[in-house]
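Enquirer: Take a look at this one; I'll ask things after.
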Amino acid sequence: LSLRFPQKLWKMLESGNFQSIWWSEGGKCVAINKDLFETEVLGRDGQQVFHTQKIRSFMRQLNAYGFTKMQRNFQRSASLPEFLAEEAAASARSQILYYYNPSFNREHPMLLETCKRR
């Protein structure tokens with residue numbers, strides 16, 4: 001029995017076996033470190049989790065199942081040294097993608113059945 005995309009994603013998040021993808025916002029969002037995900041998950045030889053090796057195809061699957069990309073808004077400091085430190089941190093964060101789906105919530109696994117392909 002093969003799992004649908006949302007079930008595979010859920011199982012991956014709950015396994016704790018991957019550093020490139022995790023629950024965010026208290027289990028309401030999926031956070032993905034894009035570069036690490038490409039090598040750790042999509043670049044696997046043999047045991048592929050998803051039927052793709054391209055991040056764009058993976059993101060299309062997220063969209064097809066009703067996930068929306070969330071923008072992260074961070075407050076910036078007025079002082080130059082703090083601003084430069086925040087810029088360095090922001091560039092590291094820019095590799096992290098956040099996706100939300102109201103039917104995909106860690107605290108409510110029964111909602112997973114309502115997560116359907118559009």
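Enquirer: Failed condition for GLN53, given (1) within 13 Å of the chain's Cα centre (by Cα); (2) within 18 Å of GLN95 (Cα to Cα), with all others met?
Expert: Evaluating GLN53 over (1) within 13 Å of the chain's Cα centre (by Cα); (2) within 18 Å of GLN95 (Cα to Cα) leaves (1) as the failure.
Enquirer: I want to confirm something. Restricting to the stretch 40-49 and keeping residues that are out of contact with any Lys or Arg (no Cβ under 7 Å at 6 or more places or on another chain) and open to solvent by 10 Å² or more (accessible area, probe 1.4 Å), which single residue is modelled with the lowest pLDDT?
Expert: GLY46
Enquirer: For the stretch 19-49, which residues satisfy the criterion of being farther than 18 Å from LYS69 by Cβ and in contact with a helix residue (DSSP H, G or I) (Cβ under 6 Å, 6 or more places away or on another chain)?
Expert: VAL49
Here is a yes/no grid of residues against (1) modelled with pLDDT under 85; (2) acidic (Asp, Glu); (3) part of a helix (DSSP H, G or I); (4) open to solvent by less than 90 Å² (accessible area, probe 1.4 Å):
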site	(1), (2), (3), (4)
PHE18	no, no, no, yes
GLU38	no, yes, yes, yes
HIS51	yes, no, no, no
PHE83	yes, no, yes, yes
GLU87	yes, yes, yes, yes
PHE104	no, no, no, yes
LYS116	no, no, no, no
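Enquirer: Name the single residue, out of those in the stretch 70-81 being of a type outside the set (Lys, Arg) and within 30 Å of ARG4 (Cβ to Cβ), that is modelled with the highest pLDDT.
Expert: Of everything passing the filter in the stretch 70-81, MET70 is modelled with the highest pLDDT.
Enquirer: If you go through the stretch 53-69, how many residues are in a helix (DSSP H, G or I), within 17 Å of PRO6 (Cβ to Cβ) and open to solvent by 40 Å² or more (accessible area, probe 1.4 Å)? Lay out the reasoning, then the answer.
Expert: Initial filter on the stretch 53-69 (in a helix (DSSP H, G or I)): 55-64.
Checking which are within 17 Å of PRO6 (Cβ to Cβ) leaves us with 57-64.
With open to solvent by 40 Å² or more (accessible area, probe 1.4 Å) added as a condition, the list becomes 60-61, 63.
Count: 3.
Enquirer: Of everything in the stretch 20-36 that's part of a strand (DSSP E or B) and under 14 Å from PHE58 (Cα atoms), which residue is most open to solvent (accessible area, probe 1.4 Å)?
Expert: Among them, the one singled out is ASN33.
Enquirer: Still on this structure, I have one more. Among all residue pairs at least 6 apart or on different chains, which show Cβ distances below 6 Å where the first residue, located in the stretch 46-66, is β-branched (Val, Ile, Thr) and the second is crowded, with 18+ Cβ neighbours inside 10 Å and not in a loop (DSSP other than H, G, I, E, B)?
Expert: VAL49/VAL41; THR52/PHE58
Enquirer: Let me ask another. Consider only pairs whose beta carbons are under 6 Å apart and that are at least six residues apart or on different chains; among these, list those whose first residue lies in the stretch 26-40 and is closer than 18 Å to PHE104 by Cβ and whose second residue is open to solvent by 60 Å² or more (accessible area, probe 1.4 Å) and outside any helix (DSSP H, G or I).
Expert: Matching pairs, first to second residue: GLY27/ARG106; GLY27/GLU107; CYS29/TYR100; ALA31/TRP22.
The values are calculated or read from the model by the stated rules, or taken from the named source; none is laboratory data. Given the structure is predicted, the values throughout are model-derived calculations rather than measurements. Positions of Cβ are backbone-derived with ideal geometry, glycine not excepted, and every protein chain shown enters the neighbour counts. SASA here: full protein model, heavy atoms, side chains in, ligands and nucleic acids out. Shrake-Rupley method; radii C 1.70, N 1.55, O 1.52, S 1.80 Å.
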